[in-house]
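Have a look at the structure below, then the notes.
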Amino acid sequence: MSRITTELLRKRAEHNEGVLSNLEEISLHQLDIEKIENLDSNCREIKICLLQSNLISKMENLSKLKRLEYLNLALNNISKIEGIEGCENLRKLDFTVNFIDIEDIKDSIQCLTKCILLEDLYLTGNPCENWTNLRLYIAAKLPQLIRYNSKDILKSERIEGLQRLKELEDELIKLSIENIEKKKSQKVDPNTYSKESRVKMYKETSEARRKQEEARIVKPDPWYEDPKSGPTPIFNTDGSVRQCNEGKYKFKFDDYGPDEVIIELFVPKFMDTSLIKIDLNCKYIRIDVKGKITQFAFEGYDVEVDKSQVLRSQTTGALQIKCKKYKKDTKNQNDIILISHKPQEENPSKK
């Protein structure tokens, strides 16, 4: 089973360069997560949180997410809506196919009365949906709600719900007591769809997936190239150096007069340096970032490979390559390609 660690959050925040302090959206679905944690301490600005298809059984550590607007907990093991009273901007909640039963509806809806901006609520596939009057009860108790199970709440439904509210509350109490007594006397059927059966199914699936992964052939290293497609060629068919930026990273290419040229490639801040490979030639530079090639040609001049520097900023993570240009009287045509696997970290004091 997986846990929501800071490392996992950064990995899932690649679109935000791994930065969590201003992250607004995160997807953590289908990871066999059992507990909600570390979001409140790392992602205070989160607006959209997708946690569907996991094994979460309790809503916790969410109340400090003041900017949260959409929370998806579909296909989990939730039995009660709780712990979101502090989510003052919450607008959409999805609990499709969970285990919210009739005896927990009163407390669950009471919790939602604190979410004054709530517009959309989904409870499809929960045991509480067996109560035929649930929609009327929700319409009466949540005046701020616009849609329930993807259908607009009609004005007539809200009026009827309010008129019958005392009757609905009495009916809810009666059904809750009956359901609790039924569960006590009922024998557990291992084939019944339940929290326990879902956990068992996930564990079996995870084990099967692990064995399948172990049976696969492991690629030798991160620089493995598909023999069918082959690596991106260095040269065009006319012999000129190919220029490309497959990773679509932002870059700067500054030509500082007759002596120096500086290339900066803004790779994600938290990307491991071991995933970056640099091939520096007197006529071009080729940077491989997780298999995506960025390549520039030195047009009209060559550089001195042995006098070049490769640095990595400690603050931004940007890659910086400083190259000395050849002087005409010292040019060496037999210069050798230099490959650097580990760029040095830039000294912040020199920045």
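Values in this text are rule-based calculations from the coordinates and carry no lab data. Predicted model, so just to flag it, every value in this text is computed and none were measured. Reconstructed Cβ throughout: ideal geometry from the backbone, glycine too, with neighbour counts over all protein chains shown.
Observations
- Two-site FRET efficiency, SER27 against GLN243, from Cβ-Cβ distance with R₀ of 25 Å, rounded to 0.05: 0.15
- Sorting ASP40, ASP259 by the number of Cβ atoms found within 10 Å of their own Cβ, with the fewest placed first, yields ASP259, ASP40.
- Segment 1-66 shape via C-alpha gyration tensor axes, a/c threshold 1.5: oblate
- Treating r as the C-beta distance of ILE116 and GLU60 and R0 as 22 Å, the FRET efficiency rounds to 0.50.
- Cα gyration tensor, segment 119-188 - rounded (a/c under 1.5), prolate or oblate: oblate
- Both numbers refer to the Cα atoms of the chain; Rg and Dmax are 29.2, 98 Å.
- Helical content of the chain, expressed as a calculated mean residue ellipticity at 222 nm, amounts to -7000 deg cm²/dmol (DSSP H runs of 4 or more residues, -39,500 (n - 2.57) each, divided by residue number, nearest 500).
- Of all DSSP bridge pairs formed entirely within the chain, close to 70 percent run antiparallel.
- Here the peptides 283-293, 67-77 are ranked by packing, the mean other Cβ count within 10 Å, and the order with the highest first is 67-77, 283-293.
- The chain - percent relative contact order, Cα under 8 Å, separation 6 or more: 9 percent
- Pairs of Cα atoms nearer than 8 Å and 6+ residues apart set the relative contact order; for segment 6-185 it is 14 percent.
- Extension reserve of the SER41-GLU129 stretch, reckoned as 0.36 nm per residue once the Cα distance is removed: 28.2 nm
- In terms of its alpha-carbon gyration tensor, segment 6-185 comes out prolate; a/c meets the 1.5 threshold, and the first ratio a/b outweighs b/c.
- Spin-label pair THR315/LYS290, simplified geometry with 7 Å Cα→Cβ offset, distance in nm: 2.5 nm
- Listed by chain and number, the lysines placed with their C-alpha closer than 28 angstrom to that of LYS203 are LYS11, LYS35, LYS58, LYS80, LYS183, LYS184, LYS187, LYS195, LYS211, LYS219; residues fewer than eight positions away on the same chain are left out.
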